[in-house]
Amino acid sequence: MAKVAVRRSFEVVAPVDDAWRRLAEVERWPEWAPHIRSVTVSPNGPLGPSSSGVLHVRRLGPTTFRMSAWEPPRRWEWAGSLPGARVTYDHRFEASGDEATTMTWTVSLEGSLAWLIRPVFARVYGRNVDRAIPRLQTWIRT
């Protein structure tokens with residue numbers, strides 16, 4: 001059973017459709033997420049239900065993902081792996097007024113070594129996300 005390692009909810013000043021569209025520009029994530037060097041998505045073009053890709057994370061190297069849920073403009077989830085653990089990244093969008101969206105990101109780990117990896121992953125990934133969220137909020141407004 002997957003257990004949550006990191007969960008963050010925050011508001012962005014943009015309607016749900018705009019927030020979804022902007023966050024779906026995953027190849028531009030390095031503009032607001034300094035821990036990400038680059039992102040490649042396959043197939044080329046907009047993020048979609050069959051998307052997969054690679055995030056190149058500073059100090060950790062590449063990590064792959066494959067879309068596992070696609071419910072525009074409310075939610076997408078992708079899955080990746082670490083040795084001994086499956087990692088799911090759930091991205092949710094909920095209107096909080098006409099011009100704002102609450103985003104909730106949940107990262108869960110399951111697998112034979114998840115119990116060992118989860119505390120370190122939560123600390124490192126949580127710190128990276130906490131630094132990136134204010135930058136994302138500004139990036140979405142521009």
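Numerical summary
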read-out	value
Selected residue [without any contact (Cβ under 8 Å) to a residue 12 or more places away in the chain, touching a Gly at 6+ places or on another chain (Cβ under 9 Å), surrounded by fewer than 14 Cβ atoms within 10 Å (Cβ to Cβ) and of a type outside the set (Asp, Glu)] from Ser112, Ser42	Ser42
Residue among Ala5, Ala95, Ala100, Ala24 that is more than 17 Å from Gly126 (Cα to Cα), of a type outside the set (D, E, K, R) and in contact with a Phe, Trp or Tyr (Cβ under 9 Å, 6 or more places away or on another chain)	Ala24
Failed criterion for Thr104 (all others in (1) touching a residue at least 12 places away in the same chain (Cβ under 8 Å); (2) surrounded by fewer than 17 Cβ atoms within 10 Å (Cβ to Cβ); (3) not in a strand (DSSP E or B) hold)	(3)
Checklist (1) in contact with a His (Cβ under 7 Å, 6 or more places away or on another chain); (2) in contact (Cβ under 8 Å) with a residue 24 or more places away in the chain applied to Arg37, failing item	(2)
Considering residues of the stretch 73-101 that are among the aliphatic types (A, V, I, L, M) and crowded, with 17+ Cβ neighbours inside 10 Å only, the residue farthest from Ser50 (Cα to Cα)	Ala85
Residue list for the stretch 61-101, filter: within 20 Å of Gln137 (Cα to Cα), part of a strand (DSSP E or B), of a type outside the set (Lys, Arg) and free of Cβ contacts under 8 Å to residues at least 24 places away in the same chain	Asp90
Residue that is surrounded by the fewest Cβ atoms within 10 Å (Cβ to Cβ), among those in the stretch 115-142 that are of a type in the set (Ser, Thr, Tyr) and touching a residue at least 24 places away in the same chain (Cβ under 8 Å)	Thr138
In the stretch 55-78, residue nearest to Phe93 (Cα to Cα) [restricted to those that are aliphatic (A, V, I, L, M) and modelled with pLDDT of 95 or more]	Ala69
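The values are calculated or read from the model by the stated rules, or taken from the named source; none is laboratory data. Everything numeric here is computed off the predicted structure, so don't read it as measured data. Neighbour counts run over all protein chains shown; Cβ positions are idealised from the backbone, glycine included.
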